[in-house]
1. Would you point out the residue of segment 86-111, among those that are more than 20 Å from E21 (Cα to Cα) and part of a loop (DSSP other than H, G, I, E, B), that is least open to solvent (accessible area, probe 1.4 Å)?
2. Give me the pairs: first residue in segment 30-47 and farther than 14 Å from E136 by Cβ, second residue surrounded by fewer than 14 Cβ atoms within 10 Å (Cβ to Cβ), beta-carbon distance under 6 Å, and six or more apart or on different chains, which are they?
3. Pairs, please: C-beta under 8 Å, at least 6 apart or cross-chain, first residue farther than 14 Å from I97 by Cβ and touching a residue at least 60 places away in the same chain (Cβ under 8 Å) and in segment 123-146, second in a helix (DSSP H, G or I) and open to solvent by less than 20 Å² (accessible area, probe 1.4 Å)?
4. Has segment 6-17 got at least one residue that is within 12 Å of the ligand (Cβ to nearest atom), under 19 Å from S130 (Cβ atoms), over 15 Å from the mean Cα position of the chain (by Cα) and surrounded by fewer than 18 Cβ atoms within 10 Å (Cβ to Cβ)?
5. Is it the case that segment 113-130 has a residue that's within 16 Å of the ligand (Cβ to nearest atom), open to solvent by less than 10 Å² (accessible area, probe 1.4 Å), part of a helix (DSSP H, G or I) and in contact with a strand residue (DSSP E or B) (Cβ under 6 Å, 6 or more places away or on another chain)?
Amino acid sequence: MSKILFLNGPNLNLLGKRNPEVYGSKTMDDINLLVEEKANSLDVEVLFYQSNAEGDLIDFIQNQRGSIDGIIINPGALTHYGYSLKDALLDAAIPVIEIHLSNIHGREEWRRSIISDSVTGQIAGFGWRSYTCALEVMVGLVGDNR
Ligand code: DQA
């Protein structure tokens with residue numbers, strides 16, 4: 001069975017309480033549950049990890065090397081300056097989908113992504129649905145690579 005890693009970066013542990021008019025009212029646990037349900041229906045295994053520290057996210061990616069088939073990541077603000085995270089995603093050499101709850105393209109200029117040119121693709125602006133949508137796409141991508 002394919003295994004997909006969901007990574008969430010800084011401050012996403014506060015979802016539900018944090019700026020709900022931008023990020024929605026669901027908590028990280030609520031979203032993970034919706035992703036689990038989607039994963040069951042798609043017959044795929046999912047793994048979740050969140051950290052506020054860039055190095056911890058990188059360690060996790062490196063430690064999962066060889067045991068995961070794809071990465072779906074909401075890097076939080078690391079999207080805008082996380083060059084060592086970007087390198088770690090490139091080094092993973094598996095499909096990567098960058099996701100955002102908000103449409104970063106319609107927000108402040110500094111919210112442009114420095115990661116998007118080195119990932120397989122990006123899904124942004126659909127709230128929690130960005131997560132489940134990405135899983136559906138990833139299952140297709142991983143299937144194509146088999
Ligand atoms: C975010 C957008 C980022 O700019 C912000 O720093 C986040 C969340 C999103 O999901 O919309 O933490 O990645």
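The values are calculated or read from the model by the stated rules, or taken from the named source; none is laboratory data. These figures come from a predicted structure and were not determined experimentally. Neighbour counts are summed over all protein chains in view; Cβ atoms, including those assigned to glycine, are modelled from backbone coordinates with ideal geometry. Side chains are part of the model used for accessible areas, which takes the heavy atoms of the whole protein and leaves out ligands, DNA and RNA. Shrake-Rupley method; radii C 1.70, N 1.55, O 1.52, S 1.80 Å.
1. P95
2. Within 6 Å, the pairs are E45/M1.
3. If the second residue must be in a helix (DSSP H, G or I) and open to solvent by less than 20 Å² (accessible area, probe 1.4 Å), the pairs left are W128/I31.
4. As a first pass, look at segment 6-17 and keep what is within 12 Å of the ligand (Cβ to nearest atom): 7-15.
Subsequent filtering for residues that are under 19 Å from S130 (Cβ atoms) retains 7-15.
Next cut, over 15 Å from the mean Cα position of the chain (by Cα) only: 14.
Keeping just the survivors that are surrounded by fewer than 18 Cβ atoms within 10 Å (Cβ to Cβ) gives 14.
For segment 6-17, residues within 12 Å of the ligand (Cβ to nearest atom), under 19 Å from S130 (Cβ atoms), over 15 Å from the mean Cα position of the chain (by Cα) and surrounded by fewer than 18 Cβ atoms within 10 Å (Cβ to Cβ): present.
5. Scanning segment 113-130 turns up at least one residue that is within 16 Å of the ligand (Cβ to nearest atom), open to solvent by less than 10 Å² (accessible area, probe 1.4 Å), part of a helix (DSSP H, G or I) and in contact with a strand residue (DSSP E or B) (Cβ under 6 Å, 6 or more places away or on another chain).
For (1) closer than 22 Å to V137 by Cα; (2) open to solvent by less than 20 Å² (accessible area, probe 1.4 Å); (3) touching a residue at least 60 places away in the same chain (Cβ under 8 Å); (4) under 11 Å from the mean Cα position of the chain (by Cα), each residue gets a yes or a no:
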site: E54; (1), (2), (3), (4): no, no, no, no
site: D59; (1), (2), (3), (4): no, no, no, no
site: Q64; (1), (2), (3), (4): yes, no, no, no
site: S67; (1), (2), (3), (4): yes, no, yes, no
site: I71; (1), (2), (3), (4): yes, yes, yes, yes
site: P75; (1), (2), (3), (4): yes, yes, yes, yes
site: T79; (1), (2), (3), (4): yes, yes, yes, yes
